[in-house]
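Asks: Dumping the structure here so I can ask a few things about it.
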Amino acid sequence: MNTEDTQNKSKEHWFIIWDKKFTVWEENELWLIFEMLNWDSEVSSILHWNIIMELDEELMNIIKTYKGLINCLKSLNEKNSFLLLFKISDTLSDIVQDSRELWEILAKISEEWNKLRLIKQMRNRWLTRLITSSQDLLHIIEWVYDAAEKQTLDILWSETIRWLFTSPQDVYDVLHYLNDENKDYLMDIIWLYEISKKIRSWEDFLLMLKWISCNKVNEFLSLYSKRMIKEYFKTDREFTIFLMKLSDRKEKIFLNYMWINIK
């Protein structure tokens, strides 16, 4: 057998359905097979599962590109999508090149436990390669919830997360997707004091005060004197707009703080 035949032979992968042997050479063929078997949800699910289980680790040699992976996932139900991702977990770091691609994969998984399992499989080193800005972090946080949010932040390490934020807008964008408990957790990671140094206007100040939890409002305000806060506002109209955009509870806390900190 010559070298070319040997190379071609190494690319052949096969599985058995209904006692018949089928061969698949590359990701587009696998996708077409999944599609052709999509005539009945119950039967198709079983057939897809059997194919994935039979190909097993060979899937890592078949699926080589992000486009090929997404095409296959679109043809599978969630259970089989996750099974496929699990089977190729060792090569996902070569396939998924940025946070937007990971975002699209997470969007196809509804079960929080499965999302978290996938993120854990990625390992810290790979995640830190994908997440180099607050927008990258946002792509991930947008599709995980509650306990999975906190565990995702833990996987990334505080030292990595802390330097993702360069402006109050960055912080706001991520806080928007977190529950109050995880907002507090993120604030503890990136430090309110560090955020306060990035505030340049009353709009920045509003973004932070509006989206941190009520539990953190007093801690945040304590970083400022009344004089410092007043300097953000050039007109009464700006101050009025600012107050109107706060919740009733935060407005009360803010006004109370301003009163007791007159200097």
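Values quoted throughout were computed directly from the atomic coordinates according to the rules given, and no laboratory measurement underlies them. A quick note: this is a predicted structure, and the numbers were derived from the prediction, not measured. Here the Cβ positions follow ideal geometry from the backbone for every residue, glycine too, while neighbour counts run over all protein chains shown.
Asks: Determine, from the Cβ-Cβ distance of GLU194 and THR240 and an R0 of 30 Å, the FRET efficiency 1/(1 + (r/R0)^6), rounded to the nearest 0.05. Don't skip to the end; give the middle numbers.
Replies: Values: r = 29 Å, r/R0 = 0.98.
It comes to 0.55.
Asks: Can you return the lysines within cross-link range of LYS210? Criterion is Cα-Cα under 23 Å, with same-chain partners fewer than 8 residues away left out.
Replies: Filter leaves LYS150, LYS183, LYS197, LYS198, LYS226, LYS230, LYS234, LYS245, LYS250, LYS252.
Asks: In Å, what Rg and Dmax follow from the Cα atoms of the stretch 182-226?
Replies: Looking at the stretch 182-226, its Cα Rg and Dmax stand at 9.8, 29 Å.
Asks: The list (1) 1.38; (2) 1.13; (3) 0.95 gives values of Cα Rg over 2.2 N^0.38 Å, and only one came from this structure; which label was calculated from it?
Replies: Comparing each candidate, only (1) matches the computed number.
Asks: Which of ASN28, ASN80, SER167 sits farthest toward the positive end of the charge dipole of the chain, with +1 on the Cβ of Lys and Arg and -1 on the Cβ of Asp and Glu?
Replies: Value computed over the given set: SER167.
Asks: Any idea what the dipole of the chain comes to, in debye rounded to 20, about its Cα centre with Lys/Arg Cβ at +1 and Asp/Glu Cβ at -1? Don't skip to the end; give the middle numbers.
Replies: Numbers: 35 positive and 43 negative charges, 327 e Å.
Magnitude of the dipole: close to 1560 debye.
Asks: For the pair ARG129/ASN50, report the inter-label distance in nm, with labels modelled 7 Å from Cα in the Cβ direction.
Replies: Between ARG129 and ASN50, the label points sit 3.7 nm apart.
Asks: Packing-wise, with mean Cβ within 10 Å as the measure, how do 235-246, 70-81, 53-64 rank, highest first?
Replies: Going from most to least packed, we get 70-81, 53-64, 235-246.
Asks: Could you work out the helix-only [θ] at 222 nm for the chain, with each DSSP H run of four or more residues adding -39,500 (n - 2.57) and the total divided by the number of residues, to the nearest 500 deg cm²/dmol?
Replies: On the way: 20 runs with 180 residues, N = 263.
Value at 222 nm, helices only, nearest 500: -19500 deg cm²/dmol.
Asks: If you don't mind, another one. Take a quick pass over the stretch 1-118 and tell me how many lysine pairs come in under 19 angstrom between Cα atoms, counting only ones 8 or more apart or on separate chains.
Replies: Close lysine pairs found across the stretch 1-118: 17.
Asks: For the stretch 1-95, what number results from the quotient of the Cα radius of gyration and 2.2 N^0.38 Å?
Replies: Working: Rg = 13.4 Å, N = 95, 2.2 N^0.38 = 12.4 Å.
For the stretch 1-95, the normalised Cα radius of gyration comes out at 1.08.
Asks: Using a 7 Å offset from Cα along Cα-Cβ at GLU111, what residues in the stretch 143-174 end up with backbone N under 20 Å from the label point?
Replies: 143-152
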